């Protein structure tokens, strides 16, 4: 199989039976915006993508569904009736393009009475590479069969029914035959593409709490609490799933082999095409803070932006140091979106309870030992922190928490588009050269709280960044006209 693309990317999302969608196929370009009336399923489409992404990152099915949709029943298509055994479910899938060519993944999930993956199919190169089926409902496993093309054409073995079988294949496939190598290349391409997703939902209320030292719950990354059900479960505060043995080990191995499948030329290409802030991975004393979030008590990596963008000041402090050129692009974008003059954007020292009048432009230490407060802007009680401010020239400095909701969301989304995985609280495919990676930013309500001028400025910035090939964007908008006349923007109108 051949492909002009060297960066795995999801190019099609299938919603065969998911929430309000039945038989829907969405082609995804580097910059895709979904529009439609309320109830047309814009957010549902992003939720289906996120469930796939979490499964590809090694999370269990229960965690992926709970964190995204709240409950398995919420994913079942409206009006779906249970069968004689009381079973109902949903079906989603995607196509991933990359070095192995187009590879399709389709899942059938039983939501009731028990949540489990009852069928999975991976196809590519004209071959069925993996199939799974539930043969014994009393066992927490499915019967899997994968392509071998050797003395034995197909290998069969049980796989757990709560994990994505595709992500486990690198643990089970030896790669000795051409058929096995095809299966490995396809599986690893899908895993790399799915895990390279960052869900961004800037929340002005918690961003303001970060700037003012507002109180929050320990472990609360996006203002909705730590890991748990109901409204207390926040995306950025959620656990990354199995990190140690089992599926977590599979995830680590799954992204280690693409270099072998593609040859050794990627390292040289990566050196010339890094192009993102933070080329080196940042680690805390407790290990790398990656994945979709963290468990309560895990160390925070304050150099990485969380989904709610509540730790934006400390991330700005880092990024302004690491890449002056991209920081200048960010300032120019903010200038186009904010009312009044904008001559600069910086993180300044800030003492909780003080006036916030630190020396302009001077970087500040973030607490003792790098620890931070509830929202990432301050250290231990009484310790110095940082505050993000706009330089308005003769008008002085304006703390960003005093900006309007639309301006705050614009600032956060622009920063995300201008960065890479090492600056975002996600689990980058570290074993894959940067030149072979594409990060997909998922932004539901991308133009929320913004006027048309701000939204168009943000889409224009997205056009520039997606043209570079390292960033893709899948977002939803209320007003699709903000993309009128802009090159490379695909707008898909969904019907209610």
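With closer than 30 Å to residue 58 by Cβ and either at pLDDT 95 or above or out of contact with any strand residue (DSSP E or B) (no Cβ under 8 Å at 6 or more places or on another chain) (or both) as the only criterion, which of 344, 303, 336 stands out? Before you say what the answer is, go through the steps one by one.
Details: 344 fails: closer than 30 Å to residue 58 by Cβ; 336 fails: closer than 30 Å to residue 58 by Cβ.
Among 344, 303, 336, only 303 is closer than 30 Å to residue 58 by Cβ and either at pLDDT 95 or above or out of contact with any strand residue (DSSP E or B) (no Cβ under 8 Å at 6 or more places or on another chain) (or both).
Run down 73, 100 and say which single residue is buried (at least 22 other Cβ atoms within 10 Å of the Cβ) and within 27 Å of residue 168 (Cβ to Cβ).
Details: 73 fails: buried (at least 22 other Cβ atoms within 10 Å of the Cβ).
From the options 73, 100, the qualifying one is 100.
Report yes if residue 163 is more than 23 Å from residue 423 (Cα to Cα) and buried (at least 22 other Cβ atoms within 10 Å of the Cβ), otherwise no. Can you show your working first?
Numbers: more than 23 Å from residue 423 (Cα to Cα): yes; buried (at least 22 other Cβ atoms within 10 Å of the Cβ): yes.
When the stated conditions are applied, residue 163 passes them.
Which of the following residues is in contact with a helix residue (DSSP H, G or I) (Cβ under 7 Å, 6 or more places away or on another chain), crowded, with 22+ Cβ neighbours inside 10 Å and without any contact (Cβ under 8 Å) to a residue 60 or more places away in the chain: 112, 67, 120?
Of the residues listed, the single one that is in contact with a helix residue (DSSP H, G or I) (Cβ under 7 Å, 6 or more places away or on another chain), crowded, with 22+ Cβ neighbours inside 10 Å and without any contact (Cβ under 8 Å) to a residue 60 or more places away in the chain is 120.
For every residue, the table says whether it meets (1) more than 20 Å from residue 54 (Cβ to Cβ); (2) in a loop (DSSP other than H, G, I, E, B); (3) in contact with a strand residue (DSSP E or B) (Cβ under 9 Å, 6 or more places away or on another chain).
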residue	(1), (2), (3)
410	yes, no, no
427	no, yes, yes
454	yes, no, no
460	yes, no, no
468	yes, yes, no
475	no, no, yes
478	yes, yes, yes
487	yes, yes, no
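Taking into account only those residues within the stretch 424-443 that are closer than 18 Å to residue 319 by Cβ and within 12 Å of the chain's Cα centre (by Cα), which is modelled with the highest pLDDT? Don't jump to the end; show me each part of the working.
Initial filter on the stretch 424-443 (closer than 18 Å to residue 319 by Cβ): 424-426, 428, 434, 439, 441.
Among the residues that remain, those that are also within 12 Å of the chain's Cα centre (by Cα) are: 424-426, 428, 439, 441.
Numbers: 424: 93, 425: 92, 426: 88, 428: 68, 439: 94, 441: 98.
Among them, the one singled out is 441.
Please work out which one of (1) within 20 Å of residue 170 (Cβ to Cβ); (2) crowded, with 24+ Cβ neighbours inside 10 Å is the condition residue 61 fails and give its number.
Of everything listed in (1) within 20 Å of residue 170 (Cβ to Cβ); (2) crowded, with 24+ Cβ neighbours inside 10 Å, residue 61 misses just condition (2).
Scan the stretch 82-93 and give yes if some residue there is under 20 Å from the mean Cα position of the chain (by Cα) and in a strand (DSSP E or B), otherwise no.
To start, the set of residues in the stretch 82-93 that are under 20 Å from the mean Cα position of the chain (by Cα) comprises 92-93.
From what is left, the residues that are in a strand (DSSP E or B) are 92-93.
Looking for residues that are under 20 Å from the mean Cα position of the chain (by Cα) and in a strand (DSSP E or B), one finds at least one in the stretch 82-93, hence yes.
To keep it simple, each residue is scored yes or no on (1) in a strand (DSSP E or B); (2) touching a strand residue (DSSP E or B) at 6+ places or on another chain (Cβ under 6 Å); (3) buried (at least 23 other Cβ atoms within 10 Å of the Cβ).
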position	(1), (2), (3)
132	yes, yes, yes
138	no, no, no
142	yes, yes, yes
151	no, no, no
175	no, no, no
180	no, no, no
183	no, yes, yes
192	no, no, yes
207	no, no, yes
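The values are calculated or read from the model by the stated rules, or taken from the named source; none is laboratory data. No experiment lies behind these values; they were computed from the predicted model shown. Neighbour counts are summed over all protein chains in view; Cβ atoms, including those assigned to glycine, are modelled from backbone coordinates with ideal geometry.
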